[in-house]
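Okay, structure first, notes after.
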Amino acid sequence: MDTKKIRWFTVALIAFNMVWGMGNVVNNFAQQGITVVTSWLLILALYFIPYALIVGQLGSTFKDSKGGVSSWVENTSTKRLAYYAAWTYWVVHIPYLAQKPQAILIAFGWVGQGNGNLVNQMSMTAVALASLAIFLAFLWLSTKGLNTLKVIGGLAGTAMFVMSLLFIIMAIGAPFIAKDFHIATPDMGNIKTYIPKFDFSYFTTISMLVFAVGGAEKISPYVNQTKNPAKEFPRGVFLLAGMVGICAVLGSIAMGMIFSSGNLPNDLMANGAYAAFQILGQHFGVGNFLMIVYALTNGVGQIAALAFSIDAPLRILLADADPEFVPAWLRKKTNKGTLKNGYTLTGILVSIIILLPLLGIGDMNELVKWLTNLNSVVMPMRYLWVFFAFIMLNRAVKHFQTEYKFIKQKRLAMIAGAWCFLFTLIACVLGMVPKLDYAANPSAWWFQLASNILTPIVLILLGMLLPFIARREQRKTNGLDLNSLNVE
């Protein structure tokens, strides 16, 4: 018996810890209210399940590939497109990194003051400068090695998972245990309460759902480690979808019990999770204890995520970068193997995003909303390469061996890949529309629209510029080599 083989339920548990977090519940509830329950069911059935099964086939086919999505693209198309896939995977982390310092400030503000006033009382200039200082400190630390932080980050991730489940259990159980608990959202027993209004405004929030369930490509290394990939991996994916669905639906219902869906607080994205634990703690007679535990756990988790997201994506892009597409100055390493100029480029781009709100964001709540929505627009761009690779794989499916196939019929498989690709692309484009009242603040609305459109365009154009610089660099080097030969 092969003791190294893992079972389908183990795959589901590993993937769940990678994909899910309480922030997914809070952010989407903040945008859609209790109607997000229906949205979760739709996104899981129409997008997440086929997405995860597509990843399964790619992972099974290219089981020896170490570069992840970029390797899949290279094996199914060209080296140039593989470079763009690797670039996209790295560059979408720029807005993500810019958001982490604010999240750290908010978390430790709740620990110190027991409320969200710390950042709300700071000017936008002070928030930007403090966030920049936090980011630059961790940018420097990430060049020194972060083994201890990796262990702490892993523990924080597990603790966050436990806290997310505890939140659901306590909120659902509160009406039966805490006699003074009153459900905030009326008519939660009426199915009509959960039906969204499918208008343009609704569809601009879909990118946040896609952002929430994305990242399934992380489970690809485990496909061929199952006992029978063709049977066990799909079972694991359906169990994963069930676990995500239960946590998403029950978590959203729990939020609806604590906050009125028809009158959501303006600071729900920034402070909702902390306030929810604070309210539950008061009803269960433990005061701020649950809130402080959650805030500490989330704060440490955000620190770990900031440090890892500086280092890991950069190594994926530059560690074995092709000189044809990436200039030598960007691939340059110190004696200790640190990608010095890569860190410098990361620092410049993230610093610009951190300071950009000074041009058009008025307060901390709007900053959190804008950065969260910007991430929901930019981050899913990397998923497009997964679906592109799947379409290209099925175009030449006879040339590849795989232990697991999502759909055996070639045309249907390509339609499934095209559906996921277009769904992601449309969600990203619609997600660029600002989620604030134009009449109340037209200048902020236009600032957010412009930044949501220009940020992904500029980041992509920068990636297109590097191969041009690399070609000029190579021509110059080759010219020097020829001149030296002529002299001799």
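Cβ-Cβ contacts under 9 Å between residues 6 or more apart (or on different chains), taken from a first residue in segment 316-332 that is under 13 Å from A470 (Cβ atoms) to a second residue that is among the hydroxyl-bearing types (S, T, Y), are listed as A321/Y83; D322/Y83; E324/Y83; F325/Y83; F325/Y84; V326/Y83; A328/T477.
Applying the criterion of being in contact with a Ser or Thr (Cβ under 6 Å, 6 or more places away or on another chain) and not aliphatic (A, V, I, L, M) to the residues of segment 183-206, the residue that is surrounded by the fewest Cβ atoms within 10 Å (Cβ to Cβ) is D187. When F423 is tested against (1) of a type outside the set (S, T, N, Q); (2) under 29 Å from G342 (Cα atoms); (3) modelled with pLDDT of 95 or more, only condition (2) is not met. Whenever a residue of segment 217-235 is surrounded by 17 or more Cβ atoms within 10 Å (Cβ to Cβ), its partners that are assigned to a loop (DSSP other than H, G, I, E, B) and not charged (D, E, K, R), lying with C-beta atoms within less than 7 angstrom and at least six residues away or across chains, give the pairs E217/G68; V223/Y404; P229/Y404; F233/Y404.
In segment 414-447, the residue that is farthest from Q57 (Cα to Cα) out of those that are touching a residue at least 40 places away in the same chain (Cβ under 8 Å) and among the hydroxyl-bearing types (S, T, Y) is S443.
Here is a check on your reading of the model: is L136 in contact with a Ser or Thr (Cβ under 9 Å, 6 or more places away or on another chain), outside any loop (DSSP other than H, G, I, E, B) and surrounded by fewer than 17 Cβ atoms within 10 Å (Cβ to Cβ)?
Working: in contact with a Ser or Thr (Cβ under 9 Å, 6 or more places away or on another chain): yes; outside any loop (DSSP other than H, G, I, E, B): yes; surrounded by fewer than 17 Cβ atoms within 10 Å (Cβ to Cβ): yes.
The answer is yes for L136.
When you scan segment 304-312, do you find a residue that is more than 23 Å from the chain's Cα centre (by Cα) and surrounded by 16 or more Cβ atoms within 10 Å (Cβ to Cβ), even just one?
Taking segment 304-312 and keeping what is more than 23 Å from the chain's Cα centre (by Cα), we get none.
No; the residues of segment 304-312 include none that is more than 23 Å from the chain's Cα centre (by Cα) and surrounded by 16 or more Cβ atoms within 10 Å (Cβ to Cβ).
Contact annotation: no residue pair with Cβ atoms under 7 Å, 6 or more positions apart or on different chains, pairs a residue in segment 185-213 that is at positive phi with a partner that is charged (D, E, K, R) and at pLDDT 95 or above. Taken together, the criteria place W40 among residues that are more than 30 Å from F325 (Cβ to Cβ), in a helix (DSSP H, G or I), among the aromatic types (F, W, Y) and touching a helix residue (DSSP H, G or I) at 6+ places or on another chain (Cβ under 7 Å). Mind checking whether some residue in segment 56-68 is crowded, with 23+ Cβ neighbours inside 10 Å, closer than 12 Å to A248 by Cβ and in contact (Cβ under 8 Å) with a residue 24 or more places away in the chain? The answer is no, given that none of the residues of segment 56-68 is crowded, with 23+ Cβ neighbours inside 10 Å, closer than 12 Å to A248 by Cβ and in contact (Cβ under 8 Å) with a residue 24 or more places away in the chain. Evaluate segment 172-179: report whether one residue or more is loosely packed, with under 15 Cβ neighbours inside 10 Å, outside any helix (DSSP H, G or I) and either modelled with pLDDT of 85 or more or basic (K, R) (or both). Within segment 172-179, one or more residues are loosely packed, with under 15 Cβ neighbours inside 10 Å, outside any helix (DSSP H, G or I) and either modelled with pLDDT of 85 or more or basic (K, R) (or both).
The values are calculated or read from the model by the stated rules, or taken from the named source; none is laboratory data. None of these values were measured; they are calculated from a predicted model. Positions of Cβ are generated from backbone atoms using ideal geometry, with glycine treated the same way; all protein chains shown enter the neighbour counts.
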